Structures are given as C-alpha cells and as structure tokens.
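Reading through the structure tokens given below for one structure.
Derivation of every value follows stated rules applied to the coordinates shown; laboratory data play no part. All of these numbers come straight from a predicted model, not from anything done at the bench. Neighbour counts run over all protein chains shown; Cβ positions are idealised from the backbone, glycine included.
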Amino acid sequence: MSKPILHYIYDPLCGWCYAAEPLIQAVQALERFALVLHGGGLMRGQRFAPAMRQHIVASDRRIGQLTGQLFGEAYLKGLIQDPETVMDSLPPITAIRAVEALAGDGLAMQVAIQHAHYVDGRSVSELDTLVELAVGLDVEAEAFRRVFAQQSESVMGHIDDTRRMLDANGGGGFPTLLLETEGGLRRLEVSNYYGQPQRWTEFLHTLLPR
C-alpha cells in the first residue's frame, strides 16, 4: 500500500513555519508519510517600517517561548532591524525546489534556510547565500546554480498552485498541513502541537493505516 501524503504548505520567511520545523522533521523521521512541500510566497521584496519590524520581533519572541526555537542576536538585533533588509520568499522557495530537482532533500534545505535567517541573521534572498547552503548539503554549486535558474522560470506557477490548494482547503495561511489519503484531503491542526514534538508524533501514528 502506498504511503499517505502530507502536503506541507509553508513559507521559508514565515516565523510560524519555523515554529513548526521540529514537527515537520518528525514527519520525515517517521518515514511513514510522503512529504510534499508547497511554497507559498509570503514575502515579495518588502522592506519593513519600524513598527512592523517591532511587531515581527515580538511575534518571534513569542514563538521562541512557545517552542524553544532559537532566534539569534544577529537576526533580532541585526537583520530584522536593518531598514535596508529586503524580504523576498521567491529565491529561497526556488532554492528548495532546485535541491529537490537535483534529488536532494528539500526539507533539509528549508531547515538550512530558516536557520541561516532566524539564527545567523543572513539574507536568504541572495543567491550566493543559497548556493553556500546548498553546498553544505552536498549539492554541487554549479549544478545548483543551473537548476536554480531553471526553477526561477516556474516558481510563480508553483506558488499560484500552492495558493489555490490553500484556498480550496480553508485558507488559514502558513503553515498548513493537509493529509491526503484515498478518502481525500484532511487538514491537520499543526498549531495545537507547537513545542510538543512527542505528542505530535503520537498523533501522526493515529493517522496511519491499521
């Protein structure tokens, strides 16, 4: 029998997707689900006003308290406070798709991107940063650059497909997890399990065929 599919609708620059990181890694570690990533395109080249930057920092601190996820000083006092910082989800989503196209681990690339952003305070909208992260996952640099350019041509179509999937299943933003079985799609309330990976894993077991 084929594995049930978990569709993970995410954005690499979404703090709550970073909150969900240990839960998504638990899905992968279980090896009982086929995990499919769908990038949402939350940020489109924005710069943030001071009030919005402070709102983001407050939200991130709440995420850290709730989940234990680390937000580094280079992010909290550097990247997010810099008025010249540009947030653009398209390059990191393209990078994740490029790694997958090269038979690599898309989730590992997403995790590397999130840690570079939220812990190290690096600009993950820059290609050189993404190349370095891909190389850290044993992806050859020139192959990555080539496939990144190819994926750049289709990333907007991918995001449009993601948005349609999200809208068709109740919206709700990022992260969203949809379980696909022979009976159709079922939305999983991942937010009920933030900071509780063991409880989440126990819940995942209840979803598996008997």
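The residues on offer are Arg187, Arg199, and the sole one that is charged (D, E, K, R), touching a strand residue (DSSP E or B) at 6+ places or on another chain (Cβ under 7 Å), under 20 Å from Phe33 (Cα atoms) and not in a loop (DSSP other than H, G, I, E, B) is Arg187. Taken together, the criteria exclude Thr162 from residues that are surrounded by fewer than 15 Cβ atoms within 10 Å (Cβ to Cβ), in contact (Cβ under 8 Å) with a residue 12 or more places away in the chain and among the hydroxyl-bearing types (Ser, Thr, Tyr).
Candidates in the stretch 136-184 are the residues that are among the acidic types (Asp, Glu) and in a loop (DSSP other than H, G, I, E, B); of these, the one that is farthest from Tyr18 (Cα to Cα) is Glu182.
What residue, among those in the stretch 26-51 that are among the charged types (D, E, K, R) and farther than 19 Å from Ser152 by Cβ, is surrounded by the fewest Cβ atoms within 10 Å (Cβ to Cβ)? Going through the qualifying residues, I end up with Glu31.
Could you check the stretch 54-72 and list, in sequence order, the residues that are part of a helix (DSSP H, G or I) and either in contact (Cβ under 8 Å) with a residue 40 or more places away in the chain or closer than 29 Å to Asp167 by Cβ (or both)? It would help to see each step written out before you state the result.
Kept after step one, since they are part of a helix (DSSP H, G or I), are these residues of the stretch 54-72: 54-67.
Within the stretch 54-72, His55, Ile56, Ala58, Ser59, Asp60, Arg62, Ile63, Leu66, Thr67 meet the criteria.
Of all the residues in the stretch 75-104, those that are in a helix (DSSP H, G or I) and either over 28 Å from Gln151 (Cβ atoms) or in contact (Cβ under 8 Å) with a residue 60 or more places away in the chain (or both) number 11. Flag not set for Ser191, criterion: crowded, with 16+ Cβ neighbours inside 10 Å and polar (S, T, N, Q).
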